[in-house]
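The block underneath contains the structure these notes are about, expressed in structure tokens.
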Amino acid sequence: MAFGFVGVPLPLLAALVALLAVAVTRLWDYAIVRLIWRPYTVAKKFREQGIHGPSYRFMKGCNEDIKSMKGKTDSLVLDVHDHKYLPRIAPHYLKWRAQYGEPFLYWYGPQARICIFDYELARQILSSKSGHFVKNDAHPTLLALVGKGLGFMEGTDWVRHRRIINPVFTIDKLKMMTKTMLSFAESMAKELEEQVSINGNGEIKVDINKYFSDLTVDNISYAIFGSNYKLGKEVFQAQTDLLEITMATFLDVPIPGFKYLPTEGNQRKWKLERKLKSLLTQIIQPRLASGAYGDDLLGVMLHSCSETKDGEKKQVDLSLSMEEIIHECKLFFFAGHENTALLLTWSVYLLTINPEWQERLREEVLREFGRQSPDPNSLSKLKQARSSYIFMTMVLFETLRLYSPALFMQRKTLADMTVGSTKLPRGMAIVIPIPIMHREKAVWGDDADEFNPLRFEKGISAAAKVPHGLLAFSMGPRACIGQNFSMLEAKSTLALMLQRFSFMLAPDYVHAPVDLFTLKPKFGLPVIVRPL
């Protein structure tokens, strides 16, 4: 055998040289091209278009600046009537917009992002059916939390999933689910009444956000997945713990290969991922084994695991299909309870500081339902533009405008694109800041920072100077599939609660909305509940 340098066999030496060449090439591509050259060229091309922003810092981008600014505003507490919470959740966007104009360019690690504020640009991007604008790359822990289901799929996979899931959210199916929603709301109301009775002074202070969170976990568990409350609660807790990890590491710059190292944080994340998958499997497997799939969301997805051919039921490969179902379960469990719970929470907050609107809604509900439990057919009247029962919808829309649970939508270009007069290179991330755009006075009027449900008196399209002003559920082909479910659940719950109780903001409430992937009250929402 021939030997080369210091006695190393030539074949082995050649292999080592080849590996070294690959390593050097990859290091060059990552360290030089991705971390230095590409940011330089992207920034230069945008400067040529008159678009500027904060300077790129090697590898970290603007992440440290964002951390610093958000850290300084985290202790900011607002007056309970003040809805200008943007400095708390988006101080960097406000500063850079004032400093560099709009749109501006900034850096999430080495990834360039352009932040836009123009409704027409947002419409073109969100309503595009070309497939050139896709969801931006998600944080790995976020994907573990919500799954790579409908929310993050693209192309034919997204079309397939959407077609499978769509039938679950028809109006007739939603009316059937309303019975379940009202049943749980009744149970919650009875629990509050019992606590008031035990308290003995005719009222009780509760964190209503916690009650609504438990209620919506119940609803999503039974109405969508047919599972019991205990399993649903465990799924919720596992997702809550994963969300905590996500937010704690959200601005950390990913280091290649680091996610595979058995660090304490990674091991905790892996354990939660396994637990979440195990819990969802416990919900799915009994239904699968029974063959009685049902017609809820889980049942529809399980039906999609089989196909009919020549009159015979032929089972297809379930391993991938089961994995897809688990991803969809993650998404709908999280989004299905989180967004509705927060919509209810912020609605009650706004009704406590605007008691005239609380009374107006109560009169509307009593006029329509009396003291009887609301029914699905009557609830549908609360959304008809020509009906006299529209205050509920107006308040919910105004809540979504001022306190939308969804905060910052992101898209990414798959090819070089021109949007408006702006040229966007392939792979460019686009940020659409919903809470900032919902406050644009040029679009919403001089009272954009104030609570005014009457702006929606003639419907969503006439509420602002653009027909697509409300972005809480997005728009276009990727608009939220569960928006009707969320609105119906919110209406049924709020209607029943207004029949039974009055709400007053507790004196110890601290108004500090916080960005925890969704917009939450940092210290909960303590309210004083009084049975009517």
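The values are calculated or read from the model by the stated rules, or taken from the named source; none is laboratory data. Here the structure is a predicted model, which is why all the values come from computation and not from measurement. Neighbour counts run over all protein chains shown; Cβ positions are idealised from the backbone, glycine included.
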For this session: Look through Gly131, Gly109 and report the one residue that is over 15 Å from Arg478 (Cβ atoms), in contact with a helix residue (DSSP H, G or I) (Cβ under 9 Å, 6 or more places away or on another chain) and either modelled with pLDDT under 95 or surrounded by 20 or more Cβ atoms within 10 Å (Cβ to Cβ) (or both).
Result: Gly109
Problem set entry | Residue match in the range 48-59 (condition: outside any helix (DSSP H, G or I), modelled with pLDDT of 70 or more and closer than 30 Å to Leu505 by Cα) | no
Problem set entry | Residues located in the range 74-106, provided they are modelled with pLDDT under 95 and in contact with a Pro (Cβ under 9 Å, 6 or more places away or on another chain) | Leu76
For this session: Starting from the range 468-486, keep only residues that are among the basic types (Lys, Arg), then list their pairs with residues that are assigned to a helix (DSSP H, G or I) whose Cβ atoms are within a distance under 9 Å, requiring at least 6 positions of separation or different chains.
Result: Arg478/Leu126; Arg478/Trp158
Seminar exercise, completed: Glu264: passes all of (1) closer than 30 Å to Met59 by Cβ; (2) modelled with pLDDT of 85 or more; (3) surrounded by 15 or more Cβ atoms within 10 Å (Cβ to Cβ) but (3)
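Which one is farthest from Pro286 (Cα to Cα), of the residues in the range 204-233 that are surrounded by 17 or more Cβ atoms within 10 Å (Cβ to Cβ) and among the charged types (D, E, K, R)?
As a first pass, look at the range 204-233 and keep what is surrounded by 17 or more Cβ atoms within 10 Å (Cβ to Cβ): 204, 206-209, 211-227, 232.
Applying the additional criterion that residues be among the charged types (D, E, K, R) yields 207, 214, 218.
Values: Asp207: 35, Asp214: 24, Asp218: 19 Å.
Among them, the one singled out is Asp207.
Hey, does the range 310-327 have a residue that's at pLDDT 75 or above and among the hydroxyl-bearing types (Ser, Thr, Tyr)?
Pass one, the range 310-327, residues at pLDDT 75 or above: 322-327.
With among the hydroxyl-bearing types (Ser, Thr, Tyr) added as a condition, the list becomes none.
Scanning the range 310-327, I find no residue that is at pLDDT 75 or above and among the hydroxyl-bearing types (Ser, Thr, Tyr), so the answer is no.
Being of a type outside the set (D, E, K, R), buried (at least 18 other Cβ atoms within 10 Å of the Cβ), within 20 Å of Leu215 (Cα to Cα) and in contact with a Lys or Arg (Cβ under 7 Å, 6 or more places away or on another chain) narrows it down to one residue among Pro521, Pro531, Pro526; which is it? Reasoning before the result, please.
Values: Pro521 fails: in contact with a Lys or Arg (Cβ under 7 Å, 6 or more places away or on another chain); Pro531 fails: buried (at least 18 other Cβ atoms within 10 Å of the Cβ).
Among Pro521, Pro531, Pro526, only Pro526 is of a type outside the set (D, E, K, R), buried (at least 18 other Cβ atoms within 10 Å of the Cβ), within 20 Å of Leu215 (Cα to Cα) and in contact with a Lys or Arg (Cβ under 7 Å, 6 or more places away or on another chain).
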Exercise. Which pairs do you get when a residue that is among the basic types (Lys, Arg), found in the range 161-190, comes within reach of a residue that is surrounded by 13 or more Cβ atoms within 10 Å (Cβ to Cβ), reach meaning Cβ atoms under 6 angstrom, with the pair 6+ apart or on two chains?
Worked result: Lys175/Pro376
Exercise. So which residues in the range 418-446 are free of Cβ contacts under 8 Å to residues at least 60 places away in the same chain, over 16 Å from Leu86 (Cα atoms) and of a type in the set (D, E, K, R)?
Worked result: Arg426, Asp446
